[in-house]
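Data first, discussion second: the structure below is written as structure tokens.
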Amino acid sequence: MSDDHTHVQEFFGSRAADWDTRFPDDGPVYAAAVTELGLREGDRVLDAGCGTGRALPPLRDAVGPSGVVLGADLTPAMLEAAVRAGRDRAGQLLLADVAGLPLRSESLDAVFAAGLVAHLPNPSENLRELARVVRPAGTLALFHPIGRAALAARQGRQITPDDLRAEANLRPLLSGSGWRLTSYVDEDSRFLALAVRLP
């Protein structure tokens with residue numbers, strides 16, 4: 001396992017037990033972001049970097065009982081927290097790295113990724129792997145429950161020009177990884193970038 005993986009697992013592993021209590025009011029903004037993904041009954045969707053699985057119940061509601069909901073995360077403690085919260089009833093949990101997903105090519109309709117981009121060790125390759133598992137014209141939602149400026153203020157830092165989530169950086173990153181950015185919102189209450197998988 002690379003140092004990048006070890007760092008991510010240590011960071012999130014030590015925070016998993018109280019993650020949901022630290023951010024108790026995120027549920028409605030997660031549900032709203034899932035709605036904007038435009039899922040339909042019977043769709044197959046992956047929550048990439050699912051953490052404690054907060055998106056899994058709204059994803060299940062969106063695809064209904066005939067759909068498939070998967071939640072993949074690199075950190076065992078986060079998946080354990082998802083099970084304790086009962087969110088494994090909304091979708092199947094996978095201990096997996098987005099750098100090499102155990103999924104067939106073009107097997108999904110959509111990917112939801114909350115807070116994932118900033119933690120990717122190789123964003124271009126990792127986004128290409130997400131494109132691999134999504135059918136052409138399938139969708140990707142890169143989401144965070146607060147915007148870039150609010151997140152930077154919470155962490156006591158400034159936004160820098162090299163921030164991957166800045167539209168000027170994200171658009172070419174996505175297009176070089178098999179996606180086309182279709183919508184971009186960065187406001188204090190949320191960050192949501194929607195993209196469609198290129199043919």
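DSSP beta bridges fully contained in the chain are about 45 percent antiparallel.
Measuring spread by the Cα atoms of the stretch 91-138 yields a radius of gyration and Dmax of 10.6, 27 Å. In the list (i) 18.1; (ii) 17.3; (iii) 16.7, the label attached to Kirkwood radius over Cα pairs in Å as derived from the coordinates here is (iii).
Cβ neighbours within 10 Å, averaged per peptide: list 59-70, 160-171 in order, most packed at the top.
In decreasing order of mean packing, 59-70, 160-171 become 59-70, 160-171.
Taking a ≥ b ≥ c as the square roots of the eigenvalues of the Cα gyration tensor, the stretch 66-120 is classed as oblate, since a/c reaches at least 1.5 and a/b does not exceed b/c. Calculated [222 nm] ellipticity per residue, helices only, for the chain: -9500 deg cm²/dmol; basis is -39500 (n - 2.57) per DSSP H run with n ≥ 4, divided by all residues, nearest 500.
In sequence order, the stretch 126-133 has phi-based couplings of 5, 5, 5, 5, 5, 5, 4, 8 Hz under the Karplus curve 6.51 cos²θ - 1.76 cosθ + 1.60, θ = phi - 60°, and Gly or Pro positions carry x.
Taking the stretch 55-94 and a reference point 7 angstrom along Cα→Cβ of residue 119, the backbone N atoms nearer than 16 Å belong to 55-56, 71-83, 93-94.
Where a number appears in this text, it was derived from the coordinates with a stated rule and is not lab data. Just so we're clear, the structure is a prediction, and the values are computed from it rather than from any experiment. Reconstructed Cβ throughout: ideal geometry from the backbone, glycine too, with neighbour counts over all protein chains shown.
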